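K.L.:
First, the structure itself, so that you have it in front of you.
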Amino acid sequence: MRAETARGEPRTAVHRIGTRALEEPQGPESASIVTLPVMAVIVAVCVILSVGQELFLPLAMGMLFAFILTPVVNALRRLGLGDKVAVVITVVAAFALLGAFVLIFAYQLSVIGSNLPQYQGNVIGKIDAIFEMGSESKVMARLQEMVGDIGARLQPVENTGTGPMQVQVVDHTSLTDWLNGVILPALSPVIVFGLIAVVVVFALLERGELRDRLVALIGGGNIVGTSRMLAEAGARVSSYLVAQLMVNVIYAVPIWLGLWLIGVPNALFFGIVTLILRFVPYIGTALSAILPLLMAFAVSPDWSLVLWTAGLFVLVEFTTSNVIEPWFYGRKTGVSPLAVIISAMFWTWLWGPAGLIIATPLTVCLVVIGQHIPGLRVFSVLLGDNPVLEETSRLYDRLLTGHVFVFEEATTLASGADEPAEEIVAYYDTQALPVLVMAQADHEAGQLTDQQANRIANSIFALAEKMEPVIEEELIPEPLAEGEAPPATLPGEGRRVAVMGARTELDDAAAELVGQSLRARGAETLVMEHRTLPGRALREFGADAFMIVALDGASQPAAVTQLRQLRRRFSGLRVVLATWPNAADPEAAEEGRSLDKNGADAVAVGMKEATALAFGLPIEALEAADLAV
């Protein structure tokens, strides 16, 4: 049946707005994980890593490569090889593959450089065609003028012999300058590569000792926790690296073969470039497509090759993103997508292009460390992909910022459910009512203004209005087919329950949700505001039970006054006091049940008890009927 409502003021009435002094939350729950000492340590470490780049970068790269090669060494050890022999074979094979890869890359690059002059005519022809198509545009005309001016400036100036002779003074370069300007810069990559190789070899040889030292350094006596942390970090990094490598190979091979089939020169080179650049998060694919598109632009006299090349990348990217990556990335790294981008930017800024290679593995390690070491939890909160707020707390935060649209989830849930009324009641009990409990507690503590409390209450009223048509539709009996048994009777059918908030607008909003929940179970309800005088309305309504909804203990005195007045005027009316203590307090429920009834026939804690007591039924009856929330 349709609900009857009696309210002292419209739901959207804005009561007197008062401003309370905000108090800092006290207790351990309010302690921030971002403390000044933690931030100071993080900044100091970043400065040390930046200043000591020449030391820490080869060390980090070497440890990463050693981590990648450790499973190979263990596999050779299981085949019966000695530890040193297995390490030497693994390192030699790995660096031989890397050297062959570099040689192929360098050869393909030299071939491209020698063939570039052959494509000059095609490039000039396409550029002229572009300028001709935009000849009417002032922007294109200006661009053409600028290109011509730049080309004129780059032309060498011929000496006609009429002017003064130009004299150039050539300084003699000393051996020291030659060493500092030529030899040392050329040897620098070789030195770094050698340091990385040394770190890899000794890290593999001493991998057992290194693990023991990490356990002693990080965990102390907590060997189990530290071992679990290292195993989790290793599993996540390994799964990421293996999956990334396999996906890149599966992506690069079709690109190589496709470019070769459509006629793009040096297809192997572009396949290798694609394989490398896809290690760059998110933008690597776009970067890898630039060079093949430029080559197709230069080689083909028309635009067909460019279009075929672009289509090839689109097709392979679509297939990889929707089929290959979801299958290979079954185990997530635990890092949020935004954190992957930020970490790539940070490590590239800190250590240059080499930092981009190790950005994701280092970030994965930081997230795992933050999950196991409380002092570094800031990393798991900022970089991890796990929810950091409970759903109720998240909903409360959104309502505080005025994002009422968060309740669209309830609308979607109700519209797609087999039993929408039950889904709505469950949502009220697990999401909406706990939000009101949190708001009431903060309002009493002075952390929530009257205006904010009223806004949250009005959002709840709006939610109830949206859900009302769904509940009414559920209560309409469906026509029965011939011989079909009638549906089971709802536990609230034939009962009339009046519901009233205890003393605040938030209590009134909670009473609205409770009344609608009782109505979804077949009862006829009358919902009243806390300022309403219930005597006349109750007599006209003919209520079987009267429920006062008090969200917290601060509402109890007002509820007690109402209860005593009702007892004097309606001695035969069953009266229930419904409370919703803060779920953050584990003893709240027991304290709520132990309250002095003060004139109430029973005290209910939560929706399930409130429903059972309002209908005068045992809780087991609701559970047996599968109607418990």
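The values are calculated or read from the model by the stated rules, or taken from the named source; none is laboratory data. Predicted model, so just to flag it, every value in this text is computed and none were measured. Every residue, glycine among them, receives a Cβ derived from its backbone with ideal geometry; neighbour counts consider all protein chains shown. Please note that ligands, DNA and RNA were not included when accessible areas were found on the heavy atoms of the full protein model with its side chains. Shrake-Rupley method; radii C 1.70, N 1.55, O 1.52, S 1.80 Å.
K.L.:
Send over the semi-axes of segment 226-332's equivalent ellipsoid, whole angstrom and largest first, taken as the square roots of 5 times the C-alpha gyration tensor eigenvalues.
P.N.:
That gives 33, 12, 10 Å for the three semi-axes.
K.L.:
Still on this structure: Taking amide H positions as placed in the peptide plane 1.01 Å from N, state which residues far from VAL527 in sequence (5 or more) or on other chains have amide H under 5 Å from it.
P.N.:
Here GLU4, ALA6, VAL499 satisfy the definition.
K.L.:
Placing +1 at every Lys and Arg Cβ and -1 at every Asp and Glu Cβ, with all other atoms neutral, what dipole size does segment 200-327 have around its Cα centre, in debye to the nearest 20?
P.N.:
The calculation lands at about 260 debye.
K.L.:
Further question: Applying 1/(1 + (r/R0)^6) with R0 = 56 Å to the Cβ-Cβ distance of LEU400 and TYR107, what FRET efficiency is obtained, to the nearest 0.05?
P.N.:
0.35
K.L.:
How much of ILE68 can a 1.4 Å solvent probe reach, expressed as accessible area in Å² and rounded to 10?
P.N.:
Approximately 70 Å² of ILE68 is accessible to the 1.4 Å probe.
K.L.:
Sticking with the crude label model, points 7 Å out along Cα→Cβ, report the distance from ALA216 to ALA93 in nm, one decimal please.
P.N.:
Distance between the two pseudo-spin positions: 3.3 nm.
K.L.:
Right, something else. Put a dot 7 Å past each Cα toward the Cβ at ILE342 and SER304; how far apart are the dots in nm?
P.N.:
Each label point lies 7 Å from its Cα, and together they span 5.0 nm.
K.L.:
Just read off the accessible area of ILE342 with the full protein assembly in place, 1.4 Å probe, to the nearest 10 Å².
P.N.:
Solvent-accessible area, nearest 10 Å²: 90 Å².
K.L.:
Go through GLU325, GLU209 and list them by solvent-accessible area, largest first, probe radius 1.4 Å.
P.N.:
Of GLU325, GLU209, the descending order of accessible area is GLU209, GLU325.
K.L.:
Right, here's the next one. With a 1.4 Å probe and every protein chain left in place, tell me how much accessible area LEU275 has, in Å² to the nearest 10.
P.N.:
About 40 Å², rounded to the nearest 10.
K.L.:
Here's a follow-up. Using packing as a proxy for protection, rank 103-111, 380-388 so that the peptide with the highest average count of other Cβ atoms within 10 Å comes first.
P.N.:
Taking the mean over residues of other Cβ atoms within 10 Å, the ranking is 380-388, 103-111.
K.L.:
Quick check on segment 425-464: take the gyration tensor over C-alpha atoms, sort the square-rooted eigenvalues as a ≥ b ≥ c, and tell me if it's rounded (a/c under 1.5), prolate or oblate.
P.N.:
oblate
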